[in-house]
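Chemist: Mind having a look at this structure? Questions to follow.
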Amino acid sequence: MKRTGDQHLVKEINRSIVLETIRRHSPLSRAQTSALTGLHKGTVSSLVNELIESGLVVEIGPGPSSGGRKPVLILFNKTAGYAVGVDLGVNYILTVLTDLEGNIVEEQSVRIADRSKDAVLTLLKQSIHDMIHQAPPSPYGVIGIGIGFPGIVDDKGSVRMAPNLQWSETDLYSLLTEEFERPVTIDNEANAGAMGEKRFGAGRTFSDVVYVSIGIGIGIGIVINGELYRGSSGFSGEMGHMTVEANGRPCRCGNQGCWELYASENALLEQAKALALSGLSGKDCDQALDLDSLVQAAGQQNPEVIRLFGQIGESIGIGLSNIVNTFNPELVIIGNRMTIAQPWIKPSMLDTFNERVLPVHRHRTAIEFSCLGTHSAVLGASHFAVSDFFARLNVKVN
């Protein structure tokens, strides 16, 4: 039903404005809040008192005086509630509990040994339950759950396609809301990573950013003018499945020669096994052949492993040149598991990128490895849940 501009609606709008101002700029005095919002001091004082009663704002004592009585400062209460963030990978589930400003309070990571849908869902639900049970007491409790998922997810939270997990047409949103009876937001893992970097990481001061998530597969999240770009159907960013070899190997997505077949963690492990790297593969130790063991071997100056990382870096550089030639971003951020191999993939990656990118882009686009490492997506997922919580509180009129 359309709402008219009665006094109650105006008050709700003003309350939203005051809360958002305090969230962004606190600690503030009531007078400073009035100046920033343009609202009358009496109106602000009344609304702040309501926000204090609701637990969203707290008084923290007197601030510096500008000549008269010291003003009482107010602060957004970041522990008024907590959010659960989940990075659901192909071979792991990383789950965090954060406060309302994205600070991690609790964290848990589990390996996925059985990739069947039922087994993964059981692990996922247990991981979320564990975080909820560890949440400290707060006025609003656990306000929501955010999931970063490694596949194509529609705007209703339904998984349409996830080649590396071999999922399709799964109503993940309904499964989780029924289990937890809390708001759930689900998005592509690379979109979550892009938002994590934009909010908490290297992308904070940039408007046009491409986040490249390199794990078992490859996905990208695109930020244009400070906002996630989703495409007309919401499925943008599947550049792990752009063709880099016209007659290349078949991919689980149905295409062939996809970028992630040559530049991902999975590509690295397949090539390592094919090479039968000495002391790292074989019948008795195939299970130990993972990214961590390869990074350890590279750190011990194993020449075969270092050469292999160089090849993967070259393949990553080819894809990055295509991305930069297409989007002309200010910044490209490389995140997810492959960041732990940065010292060995970066030289060949940058050499290949500089050889293949158009000259007009070469010195105008920064390429960085994520300072958040493996936490970009999980922090972005948590941020989605927090943003959804405040969207439900706030009143906006177009």
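Chemist: On the basis of being within 21 Å of residue 390 (Cβ to Cβ) and modelled with pLDDT of 90 or more, does residue 10 make the cut?
Modeler: No.
Chemist: Related question: Taking the stretch 127-143, which residues are within 28 Å of residue 218 (Cβ to Cβ) and not β-branched (Val, Ile, Thr)?
Modeler: Let us first name the residues in the stretch 127-143 that are within 28 Å of residue 218 (Cβ to Cβ), namely 127-128, 131.
Result: 127, 131.
Chemist: Using the structure shown, decide if residue 362 is surrounded by fewer than 20 Cβ atoms within 10 Å (Cβ to Cβ), out of contact with any Lys or Arg (no Cβ under 9 Å at 6 or more places or on another chain), closer than 30 Å to residue 20 by Cβ and of a type outside the set (Phe, Trp, Tyr). Full working, then the answer.
Modeler: Values: surrounded by fewer than 20 Cβ atoms within 10 Å (Cβ to Cβ): yes; out of contact with any Lys or Arg (no Cβ under 9 Å at 6 or more places or on another chain): yes; closer than 30 Å to residue 20 by Cβ: no; of a type outside the set (Phe, Trp, Tyr): yes.
In short, no.
Chemist: Next question, about the same structure. Identify, from the list 280, 269, the residue that is modelled with pLDDT under 95, open to solvent by less than 40 Å² (accessible area, probe 1.4 Å) and either among the polar types (S, T, N, Q) or outside any loop (DSSP other than H, G, I, E, B) (or both).
Modeler: Matching residue, one of 280, 269: 269.
Chemist: On the given criteria, is residue 232 of a type in the set (S, T, N, Q), part of a loop (DSSP other than H, G, I, E, B) and surrounded by 14 or more Cβ atoms within 10 Å (Cβ to Cβ)?
Modeler: no
Chemist: May I ask you to verify whether residue 204 is within 16 Å of residue 381 (Cα to Cα) and either surrounded by fewer than 16 Cβ atoms within 10 Å (Cβ to Cβ) or out of contact with any strand residue (DSSP E or B) (no Cβ under 7 Å at 6 or more places or on another chain) (or both)? Don't jump to the end; show me each part of the working.
Modeler: Values: within 16 Å of residue 381 (Cα to Cα): no; either surrounded by fewer than 16 Cβ atoms within 10 Å (Cβ to Cβ) or out of contact with any strand residue (DSSP E or B) (no Cβ under 7 Å at 6 or more places or on another chain) (or both): yes.
So residue 204 fails the test.
Chemist: Restricting attention to the stretch 210-229, which residues are polar (S, T, N, Q) and either open to solvent by 10 Å² or more (accessible area, probe 1.4 Å) or assigned to a loop (DSSP other than H, G, I, E, B) (or both)? Reasoning before the result, please.
Modeler: Narrowing the stretch 210-229 to residues polar (S, T, N, Q): 213, 225.
The answer is 225, and nothing else.
Chemist: From the residues in the stretch 63-94 that are part of a strand (DSSP E or B) and among the hydroxyl-bearing types (Ser, Thr, Tyr), which one is modelled with the highest pLDDT?
Modeler: Step by step, filter the stretch 63-94, then rank; the result is 82.
Chemist: I would also like to ask the following. Report whether or not residue 43 is open to solvent by 50 Å² or more (accessible area, probe 1.4 Å), polar (S, T, N, Q), in contact with a helix residue (DSSP H, G or I) (Cβ under 8 Å, 6 or more places away or on another chain) and more than 30 Å from residue 269 (Cβ to Cβ).
Modeler: Spelling it out, residue 43 is indeed open to solvent by 50 Å² or more (accessible area, probe 1.4 Å), polar (S, T, N, Q), in contact with a helix residue (DSSP H, G or I) (Cβ under 8 Å, 6 or more places away or on another chain) and more than 30 Å from residue 269 (Cβ to Cβ).
Chemist: Are any residues in the stretch 154-172 closer than 27 Å to residue 114 by Cβ and in contact with a Gly (Cβ under 8 Å, 6 or more places away or on another chain), and if so, which ones?
Modeler: Passing the criteria: 154, 159, 160, 161, 162, 163, 164, 165, 167, 171, 172.
Chemist: Suppose we keep only residues that are in a strand (DSSP E or B) and acidic (Asp, Glu) within the stretch 95-132. Which one would you say is most open to solvent (accessible area, probe 1.4 Å)?
Modeler: 107
Chemist: Got a number for residues in the stretch 159-196 being among the polar types (S, T, N, Q) and closer than 19 Å to residue 391 by Cβ?
Modeler: Residues that pass the stated criteria total 3.
Chemist: Cβ-Cβ below 7 Å, separation at least six or inter-chain, first residue in the stretch 116-131 and touching a residue at least 12 places away in the same chain (Cβ under 8 Å), second part of a helix (DSSP H, G or I): which pairs?
Modeler: Partner pairs satisfying both residue conditions: 121/175; 125/179; 128/180.
Chemist: Now for a separate question. Take the residues of the stretch 388-398 that are touching a residue at least 40 places away in the same chain (Cβ under 8 Å) and in a helix (DSSP H, G or I): which is surrounded by the fewest Cβ atoms within 10 Å (Cβ to Cβ)?
Modeler: Per the stated criteria, the residue is 392.
Chemist: Could you tell me how many of the residues in the stretch 283-294 are of a type in the set (A, V, I, L, M, F, W, C), within 15 Å of residue 267 (Cα to Cα) and either modelled with pLDDT of 90 or more or open to solvent by 50 Å² or more (accessible area, probe 1.4 Å) (or both)?
Modeler: So the count comes out to 2.
Chemist: Here's a follow-up. Would you pick out the residues in the stretch 158-176 that are at pLDDT below 90, open to solvent by 50 Å² or more (accessible area, probe 1.4 Å) and in contact with a Lys or Arg (Cβ under 9 Å, 6 or more places away or on another chain)?
Modeler: 166, 168
Chemist: It is to be established whether one or more residues within the stretch 78-94 are free of Cβ contacts under 8 Å to residues at least 60 places away in the same chain, open to solvent by 20 Å² or more (accessible area, probe 1.4 Å) and closer than 30 Å to residue 216 by Cα. I'd like the intermediate steps shown before the answer.
Modeler: Initial filter on the stretch 78-94 (free of Cβ contacts under 8 Å to residues at least 60 places away in the same chain): 78-79, 92-93.
Of the ones still in play, those that are also open to solvent by 20 Å² or more (accessible area, probe 1.4 Å) are 78-79, 92.
Within this subset, residues satisfying the condition of being closer than 30 Å to residue 216 by Cα are 92.
Scanning the stretch 78-94 turns up at least one residue that is free of Cβ contacts under 8 Å to residues at least 60 places away in the same chain, open to solvent by 20 Å² or more (accessible area, probe 1.4 Å) and closer than 30 Å to residue 216 by Cα.
Chemist: Looking only at the stretch 99-132, count every residue that is touching a Leu at 6+ places or on another chain (Cβ under 7 Å) and not aliphatic (A, V, I, L, M) and tell me the total.
Modeler: 4
Chemist: Looking at 20, 59, which one is part of a helix (DSSP H, G or I), open to solvent by 20 Å² or more (accessible area, probe 1.4 Å) and among the acidic types (Asp, Glu)?
Modeler: On inspection, the qualifying residue turns out to be 20.
Chemist: Residues 216, 222, 186: which one is at pLDDT below 95, among the aliphatic types (A, V, I, L, M) and closer than 22 Å to residue 154 by Cα?
Modeler: Criteria check complete, one pass: 216.
The values are calculated or read from the model by the stated rules, or taken from the named source; none is laboratory data. As the structure is a computational prediction, the values presented were derived from the model and not from experiment. Heads up, the Cβs are rebuilt from the backbone with ideal geometry, glycines too, and the neighbour counts pull from every protein chain shown. These accessible areas exclude ligands, DNA and RNA; they are computed on the full protein's heavy atoms, side chains included. Shrake-Rupley method; radii C 1.70, N 1.55, O 1.52, S 1.80 Å.
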